[in-house]
Amino acid sequence: MCAVPQGTAVVVARPRLELADIVRHHGGAYRRTHRLTSVQHRALRAIATCRTAALGGHRETCDRCGAVRITYNSCRNRHCPKCQTLTKERWLAARRADLLPIPYFHVVFTLPHDLNALAQGNPRVIYALLFRAAADTLLTFGRDPRHLGGTMGITSILHTWGQNLSQHIHLHCLVTGGALAADGSRWITGRTSFLFPVRALSTVFRAKYLAALRRAFATGQLRFANGTADLIDRRAFTEFLSQLRAVNWIVYAKAPYAGPEQVLSYLGRYTHRVALSNDRLIEHCNGHVRFRWKDYADHDRVKILTLKADEFLRRFLIHVVPRGFMRIRHFGLLANRTRRQTLTRCRHLLGQLAMNDAPSESVAELMHRLTGIDLGRCPVCGEGRMQVTAIVAQLTPPPDTS
């Protein structure tokens, strides 16, 4: 650590309850008593050390009054609630160039909760099948001449949680309200208030997903343990598929978004969200955690839930996605390989001028744009500029005995 001269004003952030506090208090004991995946271990370690001396940082000094501010580095783990704002805003800036001057629809595909146990043992497979089945369903309807007769653009965002941290696997899809003809000769405008019938979407989505799940079983992609051990038998798995086929699968479509700003507002709410944000936490004491949640089944009422710390961490950790798994994916017109040339063609047909890529922003520039706060200005005297005067070395971590 860097020494601070006596008599120097030091800027210290006001403490508030954070997920990191709970992890630091209970994470070690939880690791010792529960079997975790490597990515869950990494998430807990990252959250516990985020913006602390453990990760190092730098010391800044005001060039006018001499006030000192010590800033520690972020963990940049995608499950950390403190590390998503910068990533989200940079992602949104890049997406501005992808937006077309058309309506967009919001469609949500939800997996039945009967699949939750299988998903806990096979998250990569179950989540990947959800992306593929939902995209295939939308693209199939879009290419049908009875609906649009062309290729749509789809951005899909995986969420695995409900407001109370329960397991609720669903996919938010932002879908273009129109399509590009197969030969690229024209833009096909869709209806302004209606995309596709949701009951038909639900039926096709269920069929596609279960067919893919059957193939995954046949090719040995699924693992079975604990509550799903019985499903290793082919007859039991076939019966399981029959039970899933007998229930209604939920597909929900919202009214279309009218313009780019509404679309960006939507994306900002869903893209880089984590299972629980710090501002929902209320209290942590006596081994319990209290937090706010919105009960959508009770007219969106905001309620308070109290959980034992172990149960709180268990619920949080089931939403840690596998290493390298992409929670945001693009299909159709927005597929990464052909996106640039396809969107250029769409803009030409729609009479929209080409859009330039957004310039990159530093953390200070981004903060100033979003909040009007100038990070370079001294928070004590308000006149001087903060200059980096020393590097705070990263602490050597203790041996990991988990």
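Residues of segment 45-61 include none that is outside any helix (DSSP H, G or I) and aliphatic (A, V, I, L, M).
Looking across segment 244-262 at every residue that is open to solvent by 70 Å² or more (accessible area, probe 1.4 Å), outside any loop (DSSP other than H, G, I, E, B) and not basic (K, R), the one that is nearest to S202 (Cα to Cα) is identified as Y252. Only one entry of G227, G190, G184, G268 meets the criterion of being among the small types (G, A, S) and within 19 Å of R329 (Cβ to Cβ), and that entry is G268.
Any residue in segment 218-235 that is within 24 Å of the chain's Cα centre (by Cα) and polar (S, T, N, Q)? It would help to see each step written out before you state the result.
In the first step, residues of segment 218-235 are kept if they are within 24 Å of the chain's Cα centre (by Cα); the result is none.
Checked against the condition, which is being within 24 Å of the chain's Cα centre (by Cα) and polar (S, T, N, Q), segment 218-235 yields no hits at all.
Of the residues that sit in segment 263-286 and are without any contact (Cβ under 8 Å) to a residue 24 or more places away in the chain and either more than 18 Å from K308 (Cα to Cα) or touching a helix residue (DSSP H, G or I) at 6+ places or on another chain (Cβ under 7 Å) (or both), which one is least open to solvent (accessible area, probe 1.4 Å)? In this case the residue turns out to be S265.
Would you point out which residue out of R347, R340, R385 is in contact (Cβ under 8 Å) with a residue 12 or more places away in the chain and under 30 Å from W187 (Cα atoms)? Write out each step before concluding.
Numbers: R340 fails: in contact (Cβ under 8 Å) with a residue 12 or more places away in the chain; R385 fails: under 30 Å from W187 (Cα atoms).
Exactly one of R347, R340, R385 is in contact (Cβ under 8 Å) with a residue 12 or more places away in the chain and under 30 Å from W187 (Cα atoms), namely R347.
Out of all the residues in segment 146-153, is one or more over 30 Å from E361 (Cβ atoms) and either surrounded by fewer than 16 Cβ atoms within 10 Å (Cβ to Cβ) or free of Cβ contacts under 8 Å to residues at least 12 places away in the same chain (or both)? Looking through segment 146-153, at least one residue is over 30 Å from E361 (Cβ atoms) and either surrounded by fewer than 16 Cβ atoms within 10 Å (Cβ to Cβ) or free of Cβ contacts under 8 Å to residues at least 12 places away in the same chain (or both). The single residue among L334, L305, L375 that is hydrophobic (A, V, I, L, M, F, W, C), open to solvent by 30 Å² or more (accessible area, probe 1.4 Å) and out of contact with any helix residue (DSSP H, G or I) (no Cβ under 6 Å at 6 or more places or on another chain) turns out to be L305. Residue-level check: of (1) open to solvent by 50 Å² or more (accessible area, probe 1.4 Å); (2) closer than 16 Å to L129 by Cβ; (3) not hydrophobic (A, V, I, L, M, F, W, C), T189 misses just (2). Can we say Q40 is of a type outside the set (K, R), under 29 Å from G324 (Cα atoms), modelled with pLDDT of 95 or more and surrounded by 15 or more Cβ atoms within 10 Å (Cβ to Cβ)? Yes: the conditions hold for Q40. Candidates in segment 60-98 are the residues that are in contact (Cβ under 8 Å) with a residue 40 or more places away in the chain and basic (K, R); of these, the one that is nearest to D21 (Cα to Cα) is K82.
Hey, any hits in segment 10-21 for a residue that's open to solvent by less than 30 Å² (accessible area, probe 1.4 Å), at pLDDT 95 or above and under 26 Å from the mean Cα position of the chain (by Cα)?
Of the residues in segment 10-21, the ones open to solvent by less than 30 Å² (accessible area, probe 1.4 Å) are 19-20.
Applying the additional criterion that residues be at pLDDT 95 or above yields 19-20.
Narrowing the set further to residues that are under 26 Å from the mean Cα position of the chain (by Cα) leaves 19-20.
Looking through segment 10-21, at least one residue is open to solvent by less than 30 Å² (accessible area, probe 1.4 Å), at pLDDT 95 or above and under 26 Å from the mean Cα position of the chain (by Cα).
Of the residues F312, F316, F325, the single one that is open to solvent by less than 20 Å² (accessible area, probe 1.4 Å), in a loop (DSSP other than H, G, I, E, B) and in contact (Cβ under 8 Å) with a residue 40 or more places away in the chain is F325. Would you mind stating whether L92 is modelled with pLDDT of 95 or more and assigned to a helix (DSSP H, G or I)? Against the criterion (modelled with pLDDT of 95 or more and assigned to a helix (DSSP H, G or I)), L92 does not qualify. Pairing each residue of segment 235-261 that is β-branched (V, I, T) with any residue that is in a strand (DSSP E or B), provided the two are 6+ apart or on different chains, yields C-beta distances under 9 Å for I250/V108; I250/F109; I250/T110; I250/H170; V251/V107; V251/V108; V251/F109; V251/T110.
The values are calculated or read from the model by the stated rules, or taken from the named source; none is laboratory data. Keep in mind that what you see is a predicted model, and the values were worked out from it rather than measured. Cβ atoms come from the backbone with ideal geometry, glycine included; neighbour counts cover every protein chain shown. Only protein heavy atoms, including side chains, enter the accessible area calculation; ligands, DNA and RNA are left aside. Shrake-Rupley method; radii C 1.70, N 1.55, O 1.52, S 1.80 Å.
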